[in-house]
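One structure below.
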Amino acid sequence: MVHAAELIRRKRDGGKIPAGELSELILEYARGNVPDYQLAAFCMAVYFRGLDGAETFALTDAMIQSGETIDLHSALGRTVVDKHSTGGVGDKTSLAVGPIVAACGVPFGKMSGRGLGHTGGTLDKLESIPGFRVELSTGEFIEQVRDVGLAIIGQSANLVPADKLLYGLRDVTATVDNVSLIAASIMSKKIAAGADAIVLDVKVGDGAFMKTIEDARELAELMRELGRHAGRKVACLLTDMDQPLGYAVGNALEIRETIATLRGQGEPDFTELVLSAAAHLLAFSDLGIDQAAGRERAVTAVQDGSALAMYERWIAAQGGDAAEGALPSAAVVREVQAPQAGYVGAIGAVDIGLAALRLGAGRRTKADHIDHSVGVVCHKKRGDAVDAREALAQVHARDDESAARAAEEVLAAYTFADAAPASPPIVLETIG
Ligand code: URA
C-alpha cells in the first residue's frame, strides 16, 4: 500500500519520487484509496519543489493508465490528427481547423472541455448550435471520425479519470499553475484520446495561463517531450493572447465567426492562426506533404467551399442544424463607440472575457447556466485607426441593464494611442 504521507514529506523536502511510487500514489488516488487532503498536500509540495522530467513522465503515464485509452490509428488504419489550445478569450480555432483539415482528406478527432472563468470552452460553443450532441460513445466517436472525417466531442468519463479528480482538487487549492502539472494534465488527455499527431496552441499574454514567452516555451517544450515519449508527433504554436482572438467572444457569436472564416471572410490574425495550425496538421498527416503544400491545400479548401461543406456535414452528423440562421440571437445589441479619434493601443483580453462572462456567456462555477446568444464583438482590434464616435465593439445582451454595464466594461478594456502600436504576429514562435 502506498505511504502517501511519506511521499508528501519527501517532495516537501525537495526529494525525488521514483516512477513506481508516483504511479501508485496517482492510481490509488483515482481508486479512492488516497484522500483528497493528502493529494492536495502533495500538489502543494509539487507546486513549490517542482517535478523533474522523469517524475513528469511517470505522472503522465499514471494518469493515462487510470482509465480507458483509444487507439484511433488502429481503428482507422490512418494517421489521425488533433489540436488543443491552453485556453484563451475568443478562441474558436479548433472549430475552423477541424473542417479544413478534414476537407483536405485527413481525419480529425478531438475530445474537448468546457470553459470556466474568463476563457470559453469548445463544447459550450458547439452547444449553441441547436440539436448538436457533444456526448457520443467512444464507438460513435471512432465511427464518425472514420465516416465523416471529423468529430469533436466531450471527454468521455472513462478517459483519464485521475485528471478529472486532480484538476478539480488543484482548482480549489491554488495548485493549477505549475508547469509539470499543467503539461501532464493536458498531455495525458491528448495521448489517451488517441490521435497520432497533435498541434498545441500555447497562448501567451494577459488572457492566458502563461503570461511570458519564456513560461510558454517551457510548457510547450515539456508537452512536446511528453507527446514524443508516447510516440506522438507534436508541434507547438506559441500565440498572442494579449487581446481577444478574432472578433467574437461568446458562444453563438463565435460559431458565426467560424462560419465566416470558413467562407474566407475571417479576421486576418485568426485566419492566419487557423491556416498555420492546419498546415502543421496536414504536414503531420499520411498525405506525404510538407507545410507549404499543407497551407496551400488549406487555403484552397476555404476558397473552393469544401471546408464549409465539411463543417455542415460534421454538424449534421452530430445532430446539429448547421444553418447560421438557426443560431440563437441576443435580444439587445448595443454599440460601444470610440470616445476620441486615434488608434487602438490595446484591448485587455481578460477584461473582455470577464465582460462576456458577466453577460452570461461563461460560468463562474461548474453549475452556472450559459446564455449561448450573448457576448462581445470587437470590431476594432489593436493597431486599428478609429474616428471619434466610431463603433469599436458591439455588446450582445439579454436585457438593457446588462448591455449598459457590459458596454462600460468593454470601453474600459480599450486603451487608445496617438499612433498605431507595433503589433506582434499572431504566431509568436513555433516549436517542432
Ligand atoms: N488545461 C488542462 O487541461 N489542465 C491544466 O492543468 C491546465 C489547463
Is it true that V374 is touching a helix residue (DSSP H, G or I) at 6+ places or on another chain (Cβ under 9 Å) and within 18 Å of G88 (Cβ to Cβ)?
-> no
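Looking at the range 156-171, which of its residues are within 13 Å of the ligand (Cβ to nearest atom) and farther than 20 Å from K211 by Cα? Lay out the reasoning, then the answer.
The initial filter retains those residues of the range 156-171 that are within 13 Å of the ligand (Cβ to nearest atom), namely 159-160, 162-171.
Hits for the range 156-171 are L159, V160, A162, D163, K164, L165, L166, Y167, G168, L169.
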For the range 359-432, which fully contained strands (runs of 3 or more DSSP E) count at least 3 residues that are surrounded by fewer than 21 Cβ atoms within 10 Å (Cβ to Cβ)?
-> 414-417, 427-431
Of all residues in the range 115-131 being more than 16 Å from the ligand (Cβ to nearest atom) and of a type in the set (D, E, K, R), the one that is surrounded by the fewest Cβ atoms within 10 Å (Cβ to Cβ) = E127
For L222, state whether it is assigned to a helix (DSSP H, G or I), open to solvent by 50 Å² or more (accessible area, probe 1.4 Å), within 16 Å of the ligand (Cβ to nearest atom) and in contact (Cβ under 8 Å) with a residue 60 or more places away in the chain.
-> no
Filtering the range 175-218 down to residues that are outside any helix (DSSP H, G or I), away from the ligand (no atom under 13 Å from the Cβ) and open to solvent by 40 Å² or more (accessible area, probe 1.4 Å) yields D206, K211, T212
Go through the range 76-102 residue by residue and tally those that are modelled with pLDDT of 95 or more and within 16 Å of the ligand (Cβ to nearest atom).
-> 8
Would a scan of the range 264-278 turn up a residue that is acidic (D, E), in a helix (DSSP H, G or I) and surrounded by 19 or more Cβ atoms within 10 Å (Cβ to Cβ)?
-> yes
Restricting the first residue to the range 259-279 and requiring it to be over 20 Å from A197 (Cα atoms), which pairs with a second residue that is at pLDDT below 95 meet a Cβ separation below 9 Å and a spacing of at least six or different chains?
-> D269/S423
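Please tell me if T258 is open to solvent by 10 Å² or more (accessible area, probe 1.4 Å) and either among the hydrophobic types (A, V, I, L, M, F, W, C) or in a helix (DSSP H, G or I) (or both).
no
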Can you tell me which of R382, R334, R363 is within 24 Å of the chain's Cα centre (by Cα) and at pLDDT 95 or above?
-> R382
Do you know which residues across the range 103-114 are within 15 Å of the ligand (Cβ to nearest atom) and open to solvent by 10 Å² or more (accessible area, probe 1.4 Å)?
-> M111, S112, G113, R114
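The values are calculated or read from the model by the stated rules, or taken from the named source; none is laboratory data. Predicted model only: the values in this text are computed from it and were never measured. Here the Cβ is made from the backbone with ideal geometry for all residues, glycine too, and neighbour counts use every protein chain on show. What goes into the accessible areas is simple: the full protein's heavy atoms, side chains included, and nothing from ligands, DNA or RNA. Shrake-Rupley method; radii C 1.70, N 1.55, O 1.52, S 1.80 Å.
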